[in-house]
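Structure first, commentary second.
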Amino acid sequence: MDLTSYAEWAVRLVNELAPPPELIRLRQELAAVFDAAGDERAVVARLNALLVRYPVRPQLSAHDGRPWHLHLAEDPAATAVMGLAAVVAELGADRLGRCREPHCGRAFLDTSSNRSRRYCSARCASRANVAAHRARRRQAS
(Lines give C-alpha, C1' and ligand atoms only; values in the text may rest on other atoms or scores of the structure.)
Protein backbone atom coordinates (compact mmCIF):
# COMPACT_ATOMS: atom_id res chain seq x y z
CA MET A 1 0.00 0.00 0.00
CA ASP A 2 1.48 3.33 -1.07
CA LEU A 3 0.73 5.89 1.63
CA THR A 4 2.42 8.82 -0.09
CA SER A 5 -0.89 10.21 -1.33
CA TYR A 6 -2.15 10.20 2.26
CA ALA A 7 0.96 12.11 3.37
CA GLU A 8 0.41 14.60 0.56
CA TRP A 9 -3.16 15.07 1.84
CA ALA A 10 -1.65 15.98 5.24
CA VAL A 11 0.59 18.57 3.58
CA ARG A 12 -2.36 20.08 1.69
CA LEU A 13 -4.35 20.28 4.92
CA VAL A 14 -1.50 22.01 6.80
CA ASN A 15 -1.11 24.52 3.98
CA GLU A 16 -4.83 25.20 3.55
CA LEU A 17 -5.75 28.65 4.79
CA ALA A 18 -9.32 27.84 5.74
CA PRO A 19 -9.84 24.12 6.36
CA PRO A 20 -13.34 22.83 7.04
CA PRO A 21 -14.25 23.52 10.73
CA GLU A 22 -14.10 19.83 11.65
CA LEU A 23 -10.47 19.68 10.49
CA ILE A 24 -9.11 22.83 12.18
CA ARG A 25 -7.77 20.91 15.21
CA LEU A 26 -6.19 18.27 12.96
CA ARG A 27 -4.57 21.02 10.88
CA GLN A 28 -3.00 22.49 14.02
CA GLU A 29 -1.80 19.06 15.18
CA LEU A 30 -0.26 18.25 11.80
CA ALA A 31 1.31 21.71 11.61
CA ALA A 32 3.01 20.97 14.94
CA VAL A 33 4.56 17.85 13.37
CA PHE A 34 6.04 19.96 10.55
CA ASP A 35 7.12 22.63 13.05
CA ALA A 36 9.12 19.93 14.85
CA ALA A 37 10.97 19.01 11.62
CA GLY A 38 14.65 18.81 12.37
CA ASP A 39 14.01 17.11 15.72
CA GLU A 40 13.35 13.49 14.82
CA ARG A 41 12.30 12.43 18.33
CA ALA A 42 9.78 15.28 18.56
CA VAL A 43 8.32 14.41 15.15
CA VAL A 44 7.98 10.75 16.13
CA ALA A 45 6.47 11.57 19.53
CA ARG A 46 3.87 13.86 17.96
CA LEU A 47 3.00 11.29 15.27
CA ASN A 48 2.73 8.46 17.81
CA ALA A 49 0.33 10.55 19.89
CA LEU A 50 -1.74 11.31 16.79
CA LEU A 51 -1.81 7.63 15.77
CA VAL A 52 -3.39 6.87 19.15
CA ARG A 53 -5.90 9.74 18.82
CA TYR A 54 -6.82 8.90 15.22
CA PRO A 55 -6.71 5.09 14.83
CA VAL A 56 -6.32 3.72 11.33
CA ARG A 57 -8.91 1.32 9.92
CA PRO A 58 -7.67 -0.56 6.86
CA GLN A 59 -10.18 -2.16 4.53
CA LEU A 60 -10.05 -4.29 1.40
CA SER A 61 -11.13 -2.64 -1.82
CA ALA A 62 -11.38 -3.60 -5.50
CA HIS A 63 -11.99 -0.92 -8.11
CA ASP A 64 -10.96 0.20 -11.58
CA GLY A 65 -10.36 -3.41 -12.62
CA ARG A 66 -7.70 -3.89 -9.96
CA PRO A 67 -7.64 -6.93 -7.66
CA TRP A 68 -8.33 -6.69 -3.93
CA HIS A 69 -5.93 -4.33 -2.19
CA LEU A 70 -5.78 -2.33 1.04
CA HIS A 71 -7.07 1.18 1.48
CA LEU A 72 -7.44 3.20 4.63
CA ALA A 73 -11.04 3.82 5.66
CA GLU A 74 -12.25 7.27 4.71
CA ASP A 75 -11.25 9.17 7.82
CA PRO A 76 -9.36 12.34 6.88
CA ALA A 77 -7.55 12.54 10.20
CA ALA A 78 -6.43 8.90 10.34
CA THR A 79 -5.33 8.85 6.70
CA ALA A 80 -3.30 12.06 7.02
CA VAL A 81 -1.57 10.92 10.20
CA MET A 82 -0.88 7.43 8.83
CA GLY A 83 0.53 8.89 5.62
CA LEU A 84 2.99 11.08 7.51
CA ALA A 85 3.91 8.22 9.84
CA ALA A 86 4.62 5.98 6.83
CA VAL A 87 6.85 8.61 5.22
CA VAL A 88 8.81 9.01 8.46
CA ALA A 89 9.10 5.22 8.90
CA GLU A 90 10.17 4.55 5.32
CA LEU A 91 12.17 7.65 4.40
CA GLY A 92 13.00 9.45 7.65
CA ALA A 93 11.75 12.45 9.58
CA ASP A 94 14.06 14.72 7.61
CA ARG A 95 11.67 14.33 4.65
CA LEU A 96 9.19 16.66 6.38
CA GLY A 97 9.97 20.33 6.04
CA ARG A 98 8.87 23.94 6.08
CA CYS A 99 9.60 26.27 3.17
CA ARG A 100 12.72 28.36 3.80
CA GLU A 101 11.50 31.31 1.77
CA PRO A 102 11.18 33.93 4.55
CA HIS A 103 7.63 35.00 3.65
CA CYS A 104 6.21 31.51 3.15
CA GLY A 105 6.69 28.70 5.69
CA ARG A 106 4.37 26.22 3.94
CA ALA A 107 4.83 22.52 4.69
CA PHE A 108 6.24 20.07 2.15
CA LEU A 109 7.43 16.48 1.72
CA ASP A 110 10.96 16.14 0.39
CA THR A 111 10.78 13.36 -2.17
CA SER A 112 14.03 14.33 -3.88
CA SER A 113 16.61 11.59 -4.29
CA ASN A 114 19.30 13.55 -2.41
CA ARG A 115 17.14 15.07 0.34
CA SER A 116 17.87 18.57 -0.92
CA ARG A 117 14.45 20.20 -1.05
CA ARG A 118 14.28 23.49 0.85
CA TYR A 119 11.24 25.18 -0.66
CA CYS A 120 7.57 24.24 -1.02
CA SER A 121 7.48 25.14 -4.72
CA ALA A 122 9.56 26.28 -7.66
CA ARG A 123 7.99 29.71 -7.21
CA CYS A 124 9.34 30.07 -3.67
CA ALA A 125 12.75 28.73 -4.72
CA SER A 126 12.92 31.27 -7.53
CA ARG A 127 11.80 34.11 -5.24
CA ALA A 128 14.50 33.20 -2.68
CA ASN A 129 17.18 32.88 -5.35
CA VAL A 130 16.30 36.27 -6.88
CA ALA A 131 16.35 37.90 -3.44
CA ALA A 132 19.76 36.35 -2.68
CA HIS A 133 21.10 37.51 -6.06
CA ARG A 134 19.88 41.05 -5.48
CA ALA A 135 21.40 41.09 -2.00
CA ARG A 136 24.77 39.98 -3.38
CA ARG A 137 24.62 42.72 -6.03
CA ARG A 138 23.85 45.34 -3.38
CA GLN A 139 26.81 44.17 -1.27
CA ALA A 140 29.13 44.26 -4.29
CA SER A 141 28.19 47.88 -5.08
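The values are calculated or read from the model by the stated rules, or taken from the named source; none is laboratory data. Being a predicted model, the structure only gives us computed values, none of them experimental. Using ideal geometry, Cβ is built from the backbone for each residue, glycine included, and neighbour counts are taken over all protein chains shown. Just the protein is used for accessible areas: all its heavy atoms, side chains included, with ligands, DNA and RNA removed. Shrake-Rupley method; radii C 1.70, N 1.55, O 1.52, S 1.80 Å.
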Hey, does the range 95-114 have a residue that's assigned to a helix (DSSP H, G or I), closer than 19 Å to GLU40 by Cα and in contact with a helix residue (DSSP H, G or I) (Cβ under 8 Å, 6 or more places away or on another chain)? yes
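Matching residues to (1) under 20 Å from CYS99 (Cα atoms); (2) part of a helix (DSSP H, G or I):
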| residue | (1), (2) |
| --- | --- |
| ASP2 | no, no |
| ALA7 | yes, yes |
| LEU17 | yes, no |
| VAL33 | yes, yes |
| ALA37 | yes, no |
Checking SER112 against (1) surrounded by 11 or more Cβ atoms within 10 Å (Cβ to Cβ); (2) under 14 Å from the mean Cα position of the chain (by Cα), only one condition comes out false. Which one? (1)
Output the number of the condition that ALA132 fails; it satisfies all remaining conditions of (1) free of Cβ contacts under 8 Å to residues at least 24 places away in the same chain; (2) assigned to a loop (DSSP other than H, G, I, E, B); (3) open to solvent by less than 70 Å² (accessible area, probe 1.4 Å). (2)
For the range 35-51, indicate whether the set of residues that are open to solvent by 30 Å² or more (accessible area, probe 1.4 Å), touching a strand residue (DSSP E or B) at 6+ places or on another chain (Cβ under 8 Å), under 20 Å from VAL14 (Cβ atoms) and touching a residue at least 12 places away in the same chain (Cβ under 8 Å) is non-empty. yes
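So which of ASP75, ASP110, ASP94 ends up being among the acidic types (Asp, Glu) and modelled with pLDDT under 90?
Only one candidate passes the filter, namely ASP75.
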Show the residue pairs meeting these rules: Cβ distance below 8 Å; 6+ apart or different chains; first residue within the range 17-34 and closer than 15 Å to THR79 by Cβ and of a type in the set (A, V, I, L, M, F, W, C); second residue open to solvent by 20 Å² or more (accessible area, probe 1.4 Å) and assigned to a helix (DSSP H, G or I). LEU23/PRO76; LEU26/PRO76; VAL33/ARG46
Of residues in the range 93-109 being touching a residue at least 40 places away in the same chain (Cβ under 8 Å) and charged (D, E, K, R), the one most open to solvent (accessible area, probe 1.4 Å): ARG106
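If you go through the range 51-88 one residue at a time, how many are over 15 Å from PHE34 (Cα atoms) and part of a helix (DSSP H, G or I)?
Residues of the range 51-88 over 15 Å from PHE34 (Cα atoms): 51-79.
Cutting the leftovers down to part of a helix (DSSP H, G or I) gives us 51-53, 76-79.
Result for the range 51-88: 7.
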Tell me whether the range 60-71 contains one or more residues that are in contact (Cβ under 8 Å) with a residue 12 or more places away in the chain and either open to solvent by 90 Å² or more (accessible area, probe 1.4 Å) or small (Gly, Ala, Ser) (or both). no
Against the condition open to solvent by 80 Å² or more (accessible area, probe 1.4 Å) and either at pLDDT 95 or above or part of a helix (DSSP H, G or I) (or both), how does GLU29 come out, does it pass? no
